[in-house]
Amino acid sequence: MARDDKPSASTQAQEPAETDARTLGRRMKDARREMAQRRGAFRDARVTAYGRVRQAAGRQLQPITKPLGVFREKIEENRKWAYPLIGILVIAAAALLPFLSEWFDLPDWARRATSGSALARVALFALFALGLNVVVGFAGLLDLGYVAFWLIGSYTAGILTGAHSYTQAIGGAGTAVEPTWSMWMWLIIPAALVAAVIAGVVLGSPTLRLRGDYLAIVTLGFGEILRITANNLDNITGGPRGVRGIPHPAITIGDINIEWGTLLDKKYYWLLLIFVVLWVIAIRMLDNSRIGRAWVAIREDEIAAAAMGVPVVRMKLAAFAIGACTAGVGGVIYAEQVNFINPPTFSIIQSILILAMVVVGGMGSIPGAILGAAAVVLLPEIFRGFEDYRFFVFGFVLVLLMIFRPQGLLPSKRRKAELKGHVVEEQLYAAGGG
Amino acid sequence: MEVIGDCFSAVGDQFWDQTRNGLTLGAIYAMIALGYTMVYGVLQLINFAHSEVFMVATFATLYAIRDWFDISEPQSGLMLIFVLLVALMASMIASGGLAVLVERFAYRPLRRRGAPRLSFLISAIGASLFIQYLFVLMDGQHYIGPIKLPAIAGPNPQSIPEVMDTQQVFSLFGSSFSNKRVLVIVAAALMLFILDRFVRQTRLGRGIRAVAQDAEAASMMGVNIDAVIVTTFLVGGVMAGAAGMLFVQVLGAPAFWFIGFLPGIKAFTAAVLGGIGNIRGAMLGGLLLGLVEAYSVPCLGAQWLNVTSFVVLVLVLLFRPSGILGEEVGH
């Protein structure tokens, strides 16, 4: 439109009205150009107004923000002891959450949100989100079949605890004794971890060499394959009937005897919390290590990374395997908690929910993954009656986030600089800490 | 070895029947695959929301047949042709429109900003989820703000009334071809032919090919890239709409919010099999995938049907990631 020099709208108006199609077309062009100009002016005005409001608010809030800034600087200066201290405080606060409803008279929605089962669900999904965050956030690989590794973990638990043969026995003739937990069963967690890692490597090694978007669809397919396989292989997985009677865990060492009970038991929350904490520590260390830097390099420019000597495929496989083993571990605890699993549990929507958690919280951000899990699990719990709208809203939010805030709610500094575009080199170096 | 022998003899028994089934299904996959391949050609991204574009067509067909014509028993003669044409038109308009909307709201803002590829994929998944659950919510009991959603869809599959009686038209090598299959094959062949001519011989088609080859150079030569991209989505959507209508006719499938998922992922496999970005490749890939799936049924049993296509996808990516005809984007 801008390329041809046409008379402006005002001179057009003085001419006698012509019905000539060409004139009409010209007028429409002019009108459109004027519209575009007005829109631009409006946008500018909006931007200035927004800037002014921000500035004013910033001035007003100075008494609060200034001490906060000083405090933050102090923490940064003494990060060696301040970081672990903050970590311990946060963990302690998180561990005390289920008692809130006993200590205080909480409104109904808060009671629901801090109940043992809701918190256990948050912790479980936080674990999954942390694992997927390594794959999607750190290494930049879109995995849409994450639920597959959860399935592997859960079925490993179902088969190794003997619950599967128990389920088969109920179906047919023969005596059935419901399996109970014995101490060796804690070894199922490492076993599931290994199984999930193997599955991750088997899936990853052919596909990770390919373009990123192929990976997305192959993983999507992989998730479905495993679900269908679990449904079809009657004698290995129990088929559509699933596996029931998976024992609740217990610890018995001498006099100490801790037993985990049914779904509502708060102890599951603490068990999962321990894993979340372990995983946060491990993933933080990984992120700040040579491997973490390799992931960033791959995410930003794979070809350049390869040229610099980063073993691209091996590093991608590492990310995939770490993500997989996280889901495997979570899957075991999930199976023990709900003590019944069947294939429909592991449908595609679960993968997408976990992805939504990672994206909402901020890709590549560890606190973000946990916040995302809490938001996605607890919001429908708090706003009862809106559960039907949940996936609808998540879809909408995913699109909006990608358009307006691709870095998520709690962005990692490094990822923010990258996703927002217009990276100033200085900022990138300043954000190097991740 | 014995298993493989059994497999071959099982396929041999039903060879022509399965070939017929495979070709009908394959023609539908080919039509959906075109949407993936064309969008990939111009934007180098996988349009994950394409399966929802297909899904909408099943509802458009349901509406045309059940509510506009109020048909409860199979029709014949001119009325049948008229109903089918209206249903086809409604599906094509609904799907084409949705595809354009997806482009406008889920992709264009990201394109303007030059967002990384991961953002496009996530935005597409978001759009897909949004559309699916919008249809789940449209059961006449849910509100968005003050607006009551109409009772169009809902969480359960809704069966579509039969418009056509199934009759045998002719038989070939002992396997009979029903009128529905003939309709699907003829309609698909016609649409694929028109599309091929459109891309190769019209001005807009030339624009699409130019953008696929080199978007920057094309824009410098005066091609309006936005218009080309919208056209691509529209054409892909229209093809998916026609495919949806035919799919419902031949398989007797219901209108359902999740119905797009499997055909969508299979059509994507077909697009990769033929060489993504390659329009004729998508047609070939669709037909081949339909055949492979059909032959797998007597061999492995119907419960493994959906696994076959994923295995094909992984094998193609392993051994020939550029597909059978190669990724000749823009040719």
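By the gyration tensor of its Cα atoms, with a ≥ b ≥ c the square roots of the eigenvalues, what is the shape of segment A:102-182: rounded for a/c under 1.5, prolate for a/b over b/c, or oblate?
Values: a/c = 3.43, a/b = 1.27, b/c = 2.71.
Taking the square roots of the gyration eigenvalues as a ≥ b ≥ c, segment A:102-182 is oblate.
Counting Lys and Arg as +1 and Asp and Glu as -1, each charge on the Cβ, what is the dipole of segment B:7-150 about the Cα centre in debye, to the nearest 20? Could you put the intermediate results ahead of the total?
On the way: 9 positive and 8 negative charges, 186 e Å.
About 900 debye.
What is the magnitude of the charge dipole of chain B about its Cα centre, with +1 placed on the Cβ of each Lys and Arg, -1 on the Cβ of each Asp and Glu, and no other charges, expressed in debye to the nearest 20?
Computed charge dipole of chain B: roughly 1080 debye.
With a ≥ b ≥ c taken as the square roots of the eigenvalues of the C-alpha gyration tensor of segment B:158-254, please select rounded if a/c is under 1.5 and otherwise prolate if a/b is larger than b/c or oblate if it is not?
Values: a/c = 4.76, a/b = 2.40, b/c = 1.98.
It is prolate, given that a/c is not under 1.5 and a/b is the larger ratio.
Expressed as a rounded percentage, what relative contact order does chain B have, with Cα pairs under 8 Å and six or more residues apart? Numbers along the way, then the final one.
On the way: 581 pairs, mean separation 114.6, N = 331.
Computed value for chain B: 35 percent relative contact order.
Of B:Ala115, B:Leu98, B:Leu85, whose Cα points farthest to the positive end of the dipole of segment B:75-140 (charges on the beta-carbon: +1 Lys, Arg; -1 Asp, Glu; origin at the Cα centre)?
Result: B:Ala115, furthest along the dipole toward the positive end.
How high is the relative contact order of chain A, in percent, with contacts defined as C-alpha pairs under 8 Å that are six or more residues apart?
Working: 581 pairs, mean separation 101.1, N = 434.
Relative contact order, chain A: 23 percent.
Based on Cβ point charges of +1 for Lys and Arg and -1 for Asp and Glu, what charge dipole magnitude is obtained for segment A:276-371 about its Cα centre, in debye rounded to the nearest 20?
Values: 6 positive and 5 negative charges, 40 e Å.
Approximately 200 debye in magnitude.
Can you give the direction-averaged projected area of the convex hull of the alpha-carbon atoms in segment B:224-295, in nm²? Numbers along the way, then the final one.
Details: hull surface 22.3 nm².
Value for segment B:224-295: 5.6 nm².
Give the list, by residue number, of cysteines in the protein assembly as shown with no other Cys Cβ closer than 4.7 Å, or say none.
A:Cys325, each lacking another Cys Cβ under 4.7 Å.
So for each of B:124-136, A:374-386, A:22-34, B:301-313 I average, over its residues, the number of other beta carbons within 10 Å; can you give me the resulting order with the highest mean first? Spell out each step's value before the answer.
On the way: B:124-136: 24.1, A:374-386: 15.8, A:22-34: 12.9, B:301-313: 17.8.
In decreasing order of mean packing, B:124-136, A:374-386, A:22-34, B:301-313 become B:124-136, B:301-313, A:374-386, A:22-34.
Taking a quarter of the surface of the Cα convex hull of the protein assembly as shown, what do you get in nm²? Write down the numbers at each step before the final one.
Numbers: hull surface 172.1 nm².
Averaged projected hull area, Cα only: 43.0 nm².
When the helix-only estimate is applied to chain A (DSSP H runs of n ≥ 4, each -39,500 (n - 2.57), divided by the residue count), what is the mean residue ellipticity at 222 nm, nearest 500 deg cm²/dmol?
On the way: 21 runs with 299 residues, N = 434.
Estimated from H runs of four or more residues: -22500 deg cm²/dmol.
For segment B:249-331, how big is Rg over Rh, using alpha carbon atoms and the Kirkwood form of Rh? Before the final figure, lay out the partial values.
Working: Rg = 13.4 Å, Rh = 13.3 Å.
Here Rg/Rh amounts to 1.01.
Can you pull the Kirkwood radius for segment B:21-138, inverse mean 1/r over Cα pairs, to one decimal in Å?
Result for segment B:21-138 stands at 15.9 Å.
Specify which residue in the list A:Leu220, A:Gln168, A:Tyr50 is farthest towards the positive end of the charge dipole of chain A, using unit charges on the beta carbon of Lys, Arg (+1) and Asp, Glu (-1), about the Cα centre.
A:Tyr50
Lysines near A:Lys413 by alpha-carbon distance under 26 Å, same-chain residues fewer than 8 away left out - which ones?
By straight Cα distance, A:Lys413 reaches A:Lys66, A:Lys74, A:Lys80, A:Lys316.
Dipole of segment A:22-108 (Lys/Arg Cβ +1, Asp/Glu Cβ -1, origin at the Cα centre): which of A:Ala93, A:Pro63, A:Pro107 lies farthest to the positive side?
Highest projection toward the positive end goes to A:Pro63.
Quick one: length gained pulling A:Trp103 to A:Ile303 fully straight, 0.36 nm per residue minus the C-alpha distance? Walk me through the numbers on the way to the answer.
Working: separation 200, 0.36 × 200 = 72.00 nm, distance 5.66 nm.
Length gained between A:Trp103 and A:Ile303: 66.3 nm.
To one decimal place, what Kirkwood hydrodynamic radius in Å is obtained for chain A from all pairs of distinct Cα atoms? Show your work: numbers first, answer last.
On the way: mean 1/r = 0.0400 Å⁻¹.
One decimal place: 25.0 Å for the Kirkwood radius.
A short reminder: the numbers here are calculations on the coordinates, not readings from a lab. Here the structure is a predicted model, which is why all the values come from computation and not from measurement. In this analysis, Cβ positions are derived from the backbone assuming ideal geometry, glycine residues included, and neighbour counts consider all displayed protein chains.
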